[in-house]
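A.B. asks: Here it is: the structure, laid out below.
The values are calculated or read from the model by the stated rules, or taken from the named source; none is laboratory data. No experiment lies behind these values; they were computed from the predicted model shown. All Cβ positions, even for glycine, are placed from backbone atoms using ideal geometry, and neighbour counts span all protein chains on display.
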Amino acid sequence: MKVIALALTLMTLTPPLDAAQSPAAQFLNLGFGARALGMGEAFTAVADDVSCVYYNPAGLARGAAGRQLAFSHAWHVQDTAVSQAGFMRRPYAASLTYFSAGELEGRDAAANPTGNFTARDLAFGLSRGLLLGGLQAGVTGKVISQKIKSSGATSFAADLGLLYRFEGTPYSVGAALLNFGTRVKFEEESFPLPLKLKMGAAAAFSSRLLLAVDAELPDYGQAAARLGAEYRGLEGIALRFGYRTASSAQRDAILGRGFGDSVTGVDAMYGFFAGVGFEYSGFNLDYALLPYGDLGSAHRFSFGVRF
């Protein structure tokens, strides 16, 4: 009931969807690490490793002792790339995300070439978990920097989350409000951050099977459901699957339908996620595949160590 009350409170803080404006800093929607992505990012009620700094900082409040260091890199679509690092020592954590758009071709109003330029985004966060009786809470403060050619902008944001694990059962529920902060101002125009509310539930059956579901309510678009599963029945190996819902119009646009394109193979499986993980003596290596239809597929790798 406490988690439901928090979710309702967070929803009252969120601006109405019909007043939404296209947000800046879209790189904040690209996920963190490879494990959660392999599960379709249904991670709000899981939040049991360093990636909780992105999905629900309440996961820092309680969990295994020790420290965890993780590095991640993604070869994203259209020659873009995402690099990330995270360090966790409960109840504290720090994270860094760097997004590169690669080299872009510049043109003037008459479509004449003006030379190439680059664009990059950066986010640095500090997180803290708290125990409120049997309830876990957490907050992340973030500094966000964006640069496009010679123009730059800086903004500040916070992530707020709650997590409740039902003692003696495999079940947990959670809620998180992500990217609540100042507007991003480029030159004379300003844009909001990609604010969204996530609520989820998870069930960890023994140490082999983990199932999770999330409801995602963004301030800038349609709501979506996310489903995820992780199977650890093989020694040292984890298999992961996920799914994200999308409207038919969005799916048609991503798959290029109606434009004479015919996407086939893995790229056509937009909305599905898959991943695999290997763990040995405190070290783990994870991979996730994200099909993006006509844009190709993204590949995310993560390496982590617990000590």
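A.B. asks: Can you tell me how many residues in segment 33-75 are in contact with a Cys (Cβ under 9 Å, 6 or more places away or on another chain) and aromatic (Phe, Trp, Tyr)?
C.D. replies: Here the count works out to 1.
A.B. asks: Just the residues that are hydrophobic (A, V, I, L, M, F, W, C) and at pLDDT 70 or above, please, taken from segment 242-262. Show your work before the answer.
C.D. replies: Going residue by residue through segment 242-262, those that are hydrophobic (A, V, I, L, M, F, W, C) are 246, 249, 253-255, 259.
Those that are hydrophobic (A, V, I, L, M, F, W, C) and at pLDDT 70 or above: ALA246, ALA249, ALA253, ILE254, LEU255.
A.B. asks: Taking VAL184, is it closer than 30 Å to GLU235 by Cα and surrounded by 15 or more Cβ atoms within 10 Å (Cβ to Cβ)? First the steps, then the outcome.
C.D. replies: Values: closer than 30 Å to GLU235 by Cα: no; surrounded by 15 or more Cβ atoms within 10 Å (Cβ to Cβ): yes.
No, not satisfied.
A.B. asks: While we're looking at this one, here's another question. Residues of segment 190-238 being basic (Lys, Arg), farther than 19 Å from GLY275 by Cα and touching a Ser or Thr at 6+ places or on another chain (Cβ under 7 Å), which ones?
C.D. replies: Selection gives LYS198 alone.
A.B. asks: Given the options ALA137, ALA123, ALA175, name the one that is crowded, with 16+ Cβ neighbours inside 10 Å, among the small types (Gly, Ala, Ser), within 16 Å of the chain's Cα centre (by Cα) and closer than 25 Å to SER206 by Cα. Before you say what the answer is, go through the steps one by one.
C.D. replies: Details: ALA137 fails: within 16 Å of the chain's Cα centre (by Cα); ALA123 fails: closer than 25 Å to SER206 by Cα.
Going through ALA137, ALA123, ALA175 in turn, the sole match is ALA175.
A.B. asks: Another question, then. With the condition kept exactly as written, say whether any residue in segment 245-261 is in contact with a Ser or Thr (Cβ under 6 Å, 6 or more places away or on another chain), of a type outside the set (D, E, K, R) and under 19 Å from TRP75 (Cα atoms). Let's see the steps before the verdict.
C.D. replies: Keep residues of segment 245-261 that are in contact with a Ser or Thr (Cβ under 6 Å, 6 or more places away or on another chain), which gives none.
Taking every residue of segment 245-261 in turn, none turns out to be in contact with a Ser or Thr (Cβ under 6 Å, 6 or more places away or on another chain), of a type outside the set (D, E, K, R) and under 19 Å from TRP75 (Cα atoms).
A.B. asks: If I ask for residues that are part of a helix (DSSP H, G or I) and surrounded by fewer than 21 Cβ atoms within 10 Å (Cβ to Cβ), which ones from segment 19-68 would you list? Spell out the reasoning first.
C.D. replies: Restricting attention to segment 19-68, the residues satisfying the condition of being part of a helix (DSSP H, G or I) are 19, 26-29, 35-38, 52-55, 57-60.
The answer is ALA19, GLN26, ASN29.
A.B. asks: Mind listing whichever residues of segment 69-106 are of a type in the set (A, V, I, L, M, F, W, C), crowded, with 19+ Cβ neighbours inside 10 Å and under 16 Å from the mean Cα position of the chain (by Cα)? Even if it seems obvious, please write down each step before you answer.
C.D. replies: To start, the set of residues in segment 69-106 that are of a type in the set (A, V, I, L, M, F, W, C) comprises 69-71, 74-75, 77, 81-82, 85, 87-88, 93-94, 96, 99, 101, 104.
Now drop any that are not crowded, with 19+ Cβ neighbours inside 10 Å, which leaves 70, 74, 82, 88, 93, 99.
Answer for segment 69-106, where residues must be of a type in the set (A, V, I, L, M, F, W, C), crowded, with 19+ Cβ neighbours inside 10 Å and under 16 Å from the mean Cα position of the chain (by Cα): ALA70, ALA74, VAL82, PHE99.
A.B. asks: Would you check which residues across segment 17-50 are modelled with pLDDT under 65 and within 21 Å of PHE156 (Cα to Cα) and list them?
C.D. replies: Start the filter on segment 17-50 by keeping residues that are modelled with pLDDT under 65, which leaves 17-21.
The answer is ALA20, GLN21.
A.B. asks: Inspect all residues belonging to segment 202-211 and state whether any of them is on the phi < 0 side of the Ramachandran plot and in a loop (DSSP other than H, G, I, E, B).
C.D. replies: Going through segment 202-211, the residues on the phi < 0 side of the Ramachandran plot turn out to be 202-205, 207-211.
Cutting the leftovers down to in a loop (DSSP other than H, G, I, E, B) gives us 207-208.
So far as segment 202-211 goes, yes, one or more of its residues are on the phi < 0 side of the Ramachandran plot and in a loop (DSSP other than H, G, I, E, B).
A.B. asks: Would you be able to say whether some residue in segment 284-307 is over 17 Å from the mean Cα position of the chain (by Cα), among the basic types (Lys, Arg) and within 20 Å of HIS73 (Cα to Cα)?
C.D. replies: Yes, because at least one residue in segment 284-307 is over 17 Å from the mean Cα position of the chain (by Cα), among the basic types (Lys, Arg) and within 20 Å of HIS73 (Cα to Cα).
A.B. asks: Within the bounds of segment 207-214, is there any residue that is closer than 28 Å to ALA137 by Cβ and modelled with pLDDT under 90? First the steps, then the outcome.
C.D. replies: Filtering segment 207-214 down to residues closer than 28 Å to ALA137 by Cβ leaves 207, 209-214.
Pick out the ones that are also modelled with pLDDT under 90 and you get 207.
Checked against the condition, which is being closer than 28 Å to ALA137 by Cβ and modelled with pLDDT under 90, segment 207-214 yields at least one hit.
A.B. asks: Just one of (1) of a type in the set (D, E, K, R); (2) surrounded by fewer than 19 Cβ atoms within 10 Å (Cβ to Cβ); (3) assigned to a strand (DSSP E or B) trips up LYS198, so point out which.
C.D. replies: The failed condition is (2).
A.B. asks: Under 8 Å between Cβ atoms, which residue pairs at least 6 apart in sequence (or on different chains) link something in segment 121-136 that is under 17 Å from TYR55 (Cα atoms) and in a strand (DSSP E or B) with a partner that is modelled with pLDDT of 95 or more and of a type in the set (Asp, Glu)?
C.D. replies: Once the first residue is under 17 Å from TYR55 (Cα atoms) and in a strand (DSSP E or B) and sits in segment 121-136, its partners that are modelled with pLDDT of 95 or more and of a type in the set (Asp, Glu) give GLY125/ASP159; SER127/ASP159.
This table checks each residue for (1) free of Cβ contacts under 8 Å to residues at least 12 places away in the same chain; (2) touching a Leu at 6+ places or on another chain (Cβ under 9 Å).
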position	(1), (2)
SER190	yes, no
LYS196	no, yes
ALA202	no, yes
PHE205	no, yes
GLY221	no, yes
LEU285	no, no
ARG300	no, yes
PHE303	no, yes
ARG306	no, yes
